[in-house]
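First comes the structure, then the notes that go with it.
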Amino acid sequence: MLEAAKLKQWDELIGTASPEELIWINGYLSGIVARGARAPEPTTEAAPAVAVKKAHLVFGTETGNARKLAGRLAAAAKKKGISLKLSGLDQYRLTDLPKEDYFFVVISTQGEGEPPLTAKKFYEHIHATQPDLSTLKFSVLALGDTAYPLYCKTGEDVQQRFKALGATEIIPMQKCDVDYDADADTWFEQVAKLLSAPATVSATAPAPAPVAKKASGKKYYEGTIVANINLNDRGSNRETYHIELTTEEPVVYEPGDTIGIVPRNRAAVVDRILALTGADGEQLVTTPKASASIRELLTIHLNICYLMTNTVKKYAALTAQDIPDTRMDLVDLLRIYPVKDATVFTEVLSLLLPVAPRLYSIASSPAAHGENEIHITVAKDRFLAEDEQRFGLCSEFLGDLPTGSTLNFYIHKSRNFKLPAPDKKIIMIGPGTGVAPFRSFLAERDATGAGGENWFFFGEQYFEKDFLYQTEMQAFHQTGVLSRLDLAFSRDQAERRYVQHRMLQQAADLYNWIEQGAHIYVSGVKDPMSKEVEQTLLQIIREQGGKTTEEATAFLEQLRKENRYEKDVY
Amino acid sequence: MKEKNNLSPVERIKTSSDGLRGTLKESLHDQITGAIREDDQSLIKFHGMYQQDDRDRREERSAKKLEWLYSFMIRLRLPGGLITPEQWLGIHHVAGEHSTGVIKITTRQTVQLHGILKSHIKPTIQAFNTLNLDSIAACGDVNRNVMCSAHPGQSAIHEQVFAFADKISTLALPKTRAYYEIWLDEEQIADRKEEDPLYQDRYLPRKFKIAIAIPPNNDVDVFTNDIGLIAVVENNELKGFNIAAGGGLSATHGNAATYPRLASMLGFVDTEEKVLKAVYEIMTIQRDNGNRADRKLARLKYTIDRMGVDGLKEELEKRCGFKLEPARPYTFATRKDQYGWQQNHAGNWFYTVFVENGRVLDEEQLPLKTALYEIAQTGKANFRFTGNQNVILSDVRDEDKPLVDELLEKFGIAGHTERAGALRKNAMACVAFNTCPLALAEAQRYLPSLISKIEPLLEKYNLQEEEITLRMTGCPNGCGRSPAAEIGLIGTAYGEYNLHIGGDRIGERLNTKYKDSQNEEQLLQTLDELFHTYVNERKDSENFGDFAYQKWIQGK
């Protein structure tokens, strides 16, 4: 991958480095990668990093004016090459506030000087709590109506409160009357000027990321669920959960990676097993897999769902019972073919296999969401299909876990499902939960200011109920991060329509993008979605490229070899 | 505020809309949002629709990272409010297939459907079109649905007057084919002449309302309209119309320049031709002189404030080329609907059904929607909507009356209409939450339960038979005509209403604010005190509105 000259330099450096230095280099590079920033020039030691300023534009709206305005300003920023994240205050996670760097608030005032409905929680939060905003740099664009006595009151309140909490107002508040456009533009010019000025990042290089404790084994993190939201609306046939995990220690990952989560067995089932066997849950037992109390073994470490036929056979032998060759849950096995006593049961524990982790595509981006945070998108029907139906009713569904719950997970590095160079075009095809890695891609490219164009094909059943991450996708589209967004909602019309129909409608443009070097990604359900998408791609290559079936297949194979056609399907 | 010559943004949208087309087609095709583009939100009103969203669901949807649940309200253009039973059946099906299912009878004698998703708009309009129904100009800065007295008593005159409502509606229709192209896929003809001498390319500065009343019933609330026509009937013959102008009830909280106003009498004209000419020229005067800078001050009432009633009349006579005669005498005696069966001069029967707040739906105790559907299926009754949000089963022949009667009994409609209390039957509420973007407080969802709490107070003073008019609106824009009621409740914030009293019963005097921002408990307490004083001090048959005016408003 490296040019010969670079490789030589690199080898020289490594060849002369002490083991401690090597560990430091390893962590240093991980830190750079995790931040999505470029490595500094190798010759200039501790040169300032080319850092993108972290800026967030939030809006609180009642009539929709503040939202429209904020959207327009964010799009204007993008055009100037300024990276500015756009969010509604109704979707803003309040605990993020102390971590913000540059923070711009567009907010209207209602009736008797009240905050707009969508900003109510935010408004109450900043007034009821004492977050430390000493590193926050902010400015307020207050919308109001001079016909009312308490003109722009909410904007003033936010300004005053932020100052009281230690934040620095870097641009004076701008108040706007009902014809707000000109005043808003004046304010925004200052914002744009400020953000496009060279970064005054301190000359310290990114801190080395902690090196994984065990170089060989998996590094496990403990994550706390801070948000768990069913993204589908009432009346949907789907339940898709957006789960946000935070960690104490930084997590090293890249967009495209997946996480492995060890599911927990249901407490009720564990209790039932303990009752059936008379075992003491607190008794410490050592099995080939782990040493822990029986309760912990049954809850976290061992698979008790839908045991393998081989395990059942061993159980039959151990308990000297005649049991047909079959698979079943441990709890049923114990109920139908009981163990003699608790002592025998501790031997049974040694027969059980460890719990298999479940893999989920990561939906967050290190650059956009920080290195102490991981988001995933989990569909209940996939859980039902893979866990409940295959493994029985033993393990807990992540979507049912309340906020505050903790989970153990590890990062499973993706080999090829990765973002290409920042200037490359990408085409993302990800219906349903296939959206997850693409939310990560888009957030990453948004936060790092990557210039390559992005095109996303998404599909689900119903537009108004199942458009996962709709407001975020709209914001990406509005600010230009998503240059194209094509949607297929299968049940909104008499004939079923899927992403591949949309691809065919856009065949000419799609092929153009491929010719221009676009990378193609497919994410979501393997069968039939990803197979039909592949057939559709082949059809487009044939028809648009004037190729035979063999040529088209070879063409796609070539893309695959160049890592320009990548799939993350399940 | 704004400079006089600084046009409001909506003016630019109208003139640059290419005959109300704007980018509506592009908005419809936009897959990523259930909303339409901002400018198109102004234009779609001219096509009879409003973009709304379910305000109850905003917070929950936002948490789910979904946009607000946008949908559209569509309002039909039904001059005089009359449809056939076949059309009712069609509306029933469209409502079930494309909207919330509730058919809402409006305060302007038409019906509207709510909750239509963007992708359902075209099928809805296409279905209406096959029923010979349209929604052109049902909203927007144009003449809206023309109202006409619905009371069937003097039918010979009524038929003449109904025809008039149709003629005015047609006269004031925009000339653009945009509606047919956008919603009905009519091919756009590039160089078709679409010149619109009335609306030009700027339309009116604001909405415009016309109603025709036939004394002694003022069921259309004629003076609350921009133009109110009062039929002058002498010896059972239609002699012509008195013309009043400049009514309008909307106001804005905190904006002292805005206020509700009743129309001023201009004079009398005798022939049909002259009436149409006068109506037309009042609209051109408003087109040319109305305030186009501030939409809150754009209705004809403010134009008249500037020109003076005499000034308007002078300009009108100049534009018409004839003089108005002095207004002829007329007397309004009532504004309410005649519930139950009535027979007209020709021997046909009419049954006015009480529809609380105009909402036709099936409820467990009252399957009104099914009842009306089955009655429509007999084909024996036309449907006429009233300005009080009720429906009259019309033109039922003597021999068909038992059949209709049987269905009214079967579904409990007759009993419901008879049993409902006087206050409830004379009450009115606008839509407000959860769909109206302007609402500050509840109206139609709340008024029924509030009335249930006021009724015991009335009973306490033996006032339950009094036909007091009570009207509630969720904001001061007056869709439910709350300023023209004996008791007006005008929303100021969620759960709070300004209490207005002292309006008269027949719609010739507006009410006045008596208490600010009252919650339910305060309202009930105040009303208790008012009723107590009223019952102890009233003279003979003095009604509540007149008593309240003299006691608490006049001279204060």
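The values are calculated or read from the model by the stated rules, or taken from the named source; none is laboratory data. Just so it is clear, the model here is predicted, and its values are computed rather than measured. Methodologically, a virtual Cβ is constructed for each residue, glycine included, from the backbone with ideal geometry; neighbour enumeration extends over all protein chains shown.
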Self-check item: Which listed residue, of B:Glu486, B:Glu459, B:Glu508, B:Glu496, is over 19 Å from the mean Cα position of the chain (by Cα), among the acidic types (Asp, Glu) and away from chain A (no Cβ under 14 Å)
Solution: B:Glu459
Self-check item: Among residues of region B:377-434, those that are charged (D, E, K, R), over 13 Å from B:Trp349 (Cα atoms) and surrounded by 23 or more Cβ atoms within 10 Å (Cβ to Cβ), counted
Solution: 0
Quiz prompt | Residues that are surrounded by fewer than 20 Cβ atoms within 10 Å (Cβ to Cβ), in contact (Cβ under 8 Å) with a residue 40 or more places away in the chain, under 28 Å from the mean Cα position of the chain (by Cα) and assigned to a helix (DSSP H, G or I), drawn from region B:11-27 | solution = B:Glu11, B:Thr15
Practice problem: Quick one: in region B:463-491, of everything that is among the charged types (D, E, K, R) and under 23 Å from B:Phe208 (Cβ atoms), which residue is surrounded by the most Cβ atoms within 10 Å (Cβ to Cβ)? | Solution: B:Arg471
Quiz item: Take the residues of region B:224-238 that are farther than 24 Å from B:Asp294 by Cβ and not aliphatic (A, V, I, L, M): which is nearest to the other protein chains (Cβ to nearest Cβ)?
Solution: B:Gly228
Quiz item: within 12 Å of chain A (Cβ to nearest Cβ) and crowded, with 20+ Cβ neighbours inside 10 Å: does that describe B:Lys45?
Solution: no
Self-check item: Scan of region A:473-500 for residues that are of a type in the set (Asp, Glu), over 12 Å from B:Thr33 (Cα atoms) and at the interface with chain B (Cβ under 8 Å from one of its Cβ atoms), ordered by number
Solution: A:Asp492
Quiz item: When the residues of region A:437-469 are filtered to those that are hydroxyl-bearing (Ser, Thr, Tyr) and not in a helix (DSSP H, G or I), which remaining residue is farthest from the other protein chains (Cβ to nearest Cβ)?
Solution: A:Tyr462
Quiz item: Can you name the number of the only condition in (1) buried (at least 19 other Cβ atoms within 10 Å of the Cβ); (2) facing chain A (nearest Cβ under 10 Å); (3) in contact with an Asp or Glu (Cβ under 8 Å, 6 or more places away or on another chain); (4) closer than 29 Å to A:Phe458 by Cα that B:Ala63 fails?
Solution: (1)
Quiz item: Which residues, taken from region B:233-246, are surrounded by 17 or more Cβ atoms within 10 Å (Cβ to Cβ) and either in a strand (DSSP E or B) or out of contact with any strand residue (DSSP E or B) (no Cβ under 6 Å at 6 or more places or on another chain) (or both)?
Solution: B:Val233, B:Leu238, B:Gly240, B:Phe241, B:Asn242, B:Ile243, B:Ala244, B:Ala245
Quiz prompt | Number of the exception - A:Val522 against (1) within 30 Å of A:Gly88 (Cβ to Cβ); (2) not in a helix (DSSP H, G or I) | solution = (1)
Exercise. Could you run through region A:279-321 and say how many residues are surrounded by fewer than 16 Cβ atoms within 10 Å (Cβ to Cβ) and closer than 20 Å to A:Val262 by Cα?
Key: 6
Quiz item: Has region B:538-547 got at least one residue that is touching a Lys or Arg at 6+ places or on another chain (Cβ under 9 Å) and closer than 21 Å to B:Gly247 by Cβ?
Solution: yes
Quiz item: Would it be correct to say that B:Ser8 is closer than 29 Å to B:Gly474 by Cα, over 23 Å from the mean Cα position of the chain (by Cα) and polar (S, T, N, Q)?
Solution: yes
Quiz item: For residues in region B:69-82 being over 15 Å from the mean Cα position of the chain (by Cα) and buried (at least 22 other Cβ atoms within 10 Å of the Cβ), which is nearest to the other protein chains (Cβ to nearest Cβ)?
Solution: B:Leu69
Quiz item: What number goes with the only condition from (1) away from chain B (no Cβ under 11 Å); (2) touching a strand residue (DSSP E or B) at 6+ places or on another chain (Cβ under 9 Å); (3) under 20 Å from A:Ala74 (Cβ atoms) that A:Gly434 does not pass?
Solution: (3)
Quiz item: If A:Thr146 satisfies every condition in (1) part of a loop (DSSP other than H, G, I, E, B); (2) within 27 Å of the chain's Cα centre (by Cα); (3) surrounded by fewer than 18 Cβ atoms within 10 Å (Cβ to Cβ) but one, which is the exception?
Solution: (2)
Self-check item: Extreme residue, farthest from the other protein chains (Cβ to nearest Cβ), among residues of region B:239-282 that are over 18 Å from B:Lys209 (Cα atoms), touching a residue at least 60 places away in the same chain (Cβ under 8 Å) and not hydroxyl-bearing (Ser, Thr, Tyr)
Solution: B:Lys239
Quiz item: Here are A:Leu94, A:Leu84: which of them is surrounded by fewer than 17 Cβ atoms within 10 Å (Cβ to Cβ) and farther than 14 Å from A:Leu141 by Cα?
Solution: A:Leu94
Quiz prompt | Unique residue being within 14 Å of another protein chain (Cβ to nearest Cβ), aliphatic (A, V, I, L, M), buried (at least 20 other Cβ atoms within 10 Å of the Cβ) and under 22 Å from the mean Cα position of the chain (by Cα) when the list is B:Ile121, B:Ile116 | solution = B:Ile116
Exercise. Have a look at A:Ile427, A:Ile336 and point out the one that is over 27 Å from A:Lys218 (Cα atoms), modelled with pLDDT of 95 or more and out of contact with any Gly (no Cβ under 8 Å at 6 or more places or on another chain).
Key: A:Ile427
Self-check item: Filter result for the condition that a residue is of a type in the set (Val, Ile, Thr) and either surrounded by fewer than 24 Cβ atoms within 10 Å (Cβ to Cβ) or in the same structural domain as B:Lys513 (by TED's automatic domain parsing) (or both), over B:Ile285, B:Ile214
Solution: B:Ile285
Practice problem: With respect to B:Lys167, determine if the residue is closer than 30 Å to B:Arg12 by Cβ and among the basic types (Lys, Arg). | Solution: no
Quiz item: Somewhere in region B:396-410, is a residue within 14 Å of chain A (Cβ to nearest Cβ), aliphatic (A, V, I, L, M) and touching a residue at least 24 places away in the same chain (Cβ under 8 Å)?
Solution: no
Quiz prompt | region A:99-134, residues that are of a type outside the set (D, E, K, R), farther than 29 Å from B:Leu438 by Cα and surrounded by 15 or more Cβ atoms within 10 Å (Cβ to Cβ) | solution = A:Tyr102, A:Phe103, A:Pro131, A:Leu133
Self-check item: Of all residues in region A:149-168 being in a loop (DSSP other than H, G, I, E, B) and within 14 Å of chain B (Cβ to nearest Cβ), the one that is farthest from A:Pro116 (Cα to Cα)
Solution: A:Pro149
Quiz item: For region A:491-541, how many residues are more than 26 Å from A:Ile362 (Cβ to Cβ), basic (Lys, Arg) and surrounded by fewer than 17 Cβ atoms within 10 Å (Cβ to Cβ)?
Solution: 2
